[in-house]
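The numbers here are math on the coordinates, done by the rules we state, and not lab data. What you see is a predicted model, and the numbers here were worked out from it, not measured in a lab. Cβ sites come from the backbone with ideal geometry, for glycine too, and all protein chains shown count toward neighbours.
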Amino acid sequence: MLEDAHGRAVSGVRISLTDRCNFNCVYCHNEGLGDTRGPLDPQDEEMEAADVIRFLEVVEEYDVRKVKFTGGEPMLRSDLEAIIAGVPDSMEVSMTTNGTYLPGRAADLKTAGLQRVNISRTRWTVRRSTGSPSPVRTSRCSGASRRPSRPASPR
Ligand code: SF4
């Protein structure tokens with residue numbers, strides 16, 4: 001079993017599959033990362049699917065039973081379904097996403113083994129189903145927590 005510096009058991013891991021994102025949130029920083037807004041093509045420094053899966057196979061031997069995939073925006077990885085399909089069966093699989101690309105891929109991700117999704121966006125929206133102007137605030141993306149803020153610029 002793995003333990004952190006305070007003696008607590010490590011039962012889950014979080015893997016950032018990419019620094020890239022299709023958004024440009026005002027509070028999201030990219031210092032030291034270059035321009036994380038693009039390109040949308042895979043980048044050389046990202047872990048390959050086989051390396052991600054091998055890492056998970058190793059930590060499984062140390063009783064890690066949960067993995068959460070994050071980014072950037074993890075759905076920019078075209079091989080996300082293959083990565084999820086390769087996660088050891090003993091692990092619970094979740095993902096944090098801004099949700100942009102869920103339509104059209106959600107079913108395949110579920111088939112691959114994805115069990116939970118956190119959709120994280122900071123924006124005010126209107127409840128269209130009721131026509132009510134009540135704003136709904138959703139949570140910030142996890143990408144914001146590891147980056148300091150930068151000014152927004154048009155795409
Ligand atoms: S906060 Fe999240 S959604 Fe926004 S730009 Fe950063 S990684 Fe993308």
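Things to note:
- Scanning the range 62-77 for residues that are acidic (D, E) and more than 8 Å from the chain's Cα centre (by Cα) gives a single hit, D63.
- Pairs linking a residue in the range 41-58 that is surrounded by 12 or more Cβ atoms within 10 Å (Cβ to Cβ) to a residue that is of a type in the set (D, E, K, R), with Cβ atoms under 7 Å and 6 or more positions apart or on different chains, are Q43/R20; A49/D79.
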